[in-house]
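See below for the structure under consideration.
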Amino acid sequence: MRILAIMLVTISGLLLPWPASAQQEPPYWASIDEPEARMRTGPSTEYPTMWIYKREKLPVKILARYKSWRKVEDHEGTQGWMHARLLSASRTGLVLATSGKPVAMRAMPAAGSKVIWRAEPGVVGSLTQCEKGWCLLDVTGRRGYISAADIWGDEALK
């Protein structure tokens with residue numbers, strides 16, 4: 001009976017989902033999960049801080065892993081290391097300032113679809129349903145389709 005219990009615990013441990021950031025091999029997308037996150041020059045608190053991000057949910061690209069550290073790249077191309085506990089597997093997108101004007105969020109994923117919201121450059125929202133050049137962006141409950149050309153955090157990696 002004891003062997004059966006040990007086997008069940010072992011099998012159930014194999015079936016439990018791991019955090020997405022622990023399963024994935026770089027490159028992949030993540031987002032900052034704390035109100036303040038330090039980017040360091042190397043994978044340890046012994047390395048100096050390069051940047052302090054004060055923007056929760058900001059998307060980052062994970063380029064490499066070393067123990068509990070992740071080498072990340074931000075939307076400006078800056079690369080450095082963050083501790084994994086500062087990051088989330090939640091997919092977010094940053095509205096780009098390509099035109100300097102608010103970006104249309106549409107009712108359907110098509111250029112001619114009705115504009116239901118406008119998002120200012122720099123706005124961050126949750127991303128889902130990214131396909132064929134459009135992503136569904138949710139900014140605090142306001143949802144609409146946005147052109148993939150107007151956001152950072154959506155392109156396919158690998």
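FYI, it's all coordinate maths here, none of it is from the lab. Fair warning: this is a prediction, and the values are worked out from it, not measured in the lab. Reconstructed Cβ throughout: ideal geometry from the backbone, glycine too, with neighbour counts over all protein chains shown.
Annotations for the structure displayed:
- Distant alpha-carbon pairs in segment 31-158 (separation over 20 angstrom), percent: 44
- Peptide packing: for 113-124, 56-67, the average count of neighbouring Cβ atoms within 10 Å per residue gives the ranking 56-67, 113-124, highest mean first.
- Here the scattering of segment 54-123 is modelled by Debye summation over its C-alpha atoms, one equal scatterer each and no solvent; at q = 0.13, 0.19, 0.21 Å⁻¹ the log10 of I(q)/I(0) is -0.51, -0.84, -0.92.
- A simple rule links phi to the HN-Hα coupling: the Karplus curve 6.51 cos²θ - 1.76 cosθ + 1.60 with θ = phi - 60°, which for segment 125-141 gives x, 6, 10, 8, 6, 8, 6, 6, x, 9, 10, 7, 10, 10, 10, 6, x Hz, with x for Gly and Pro.
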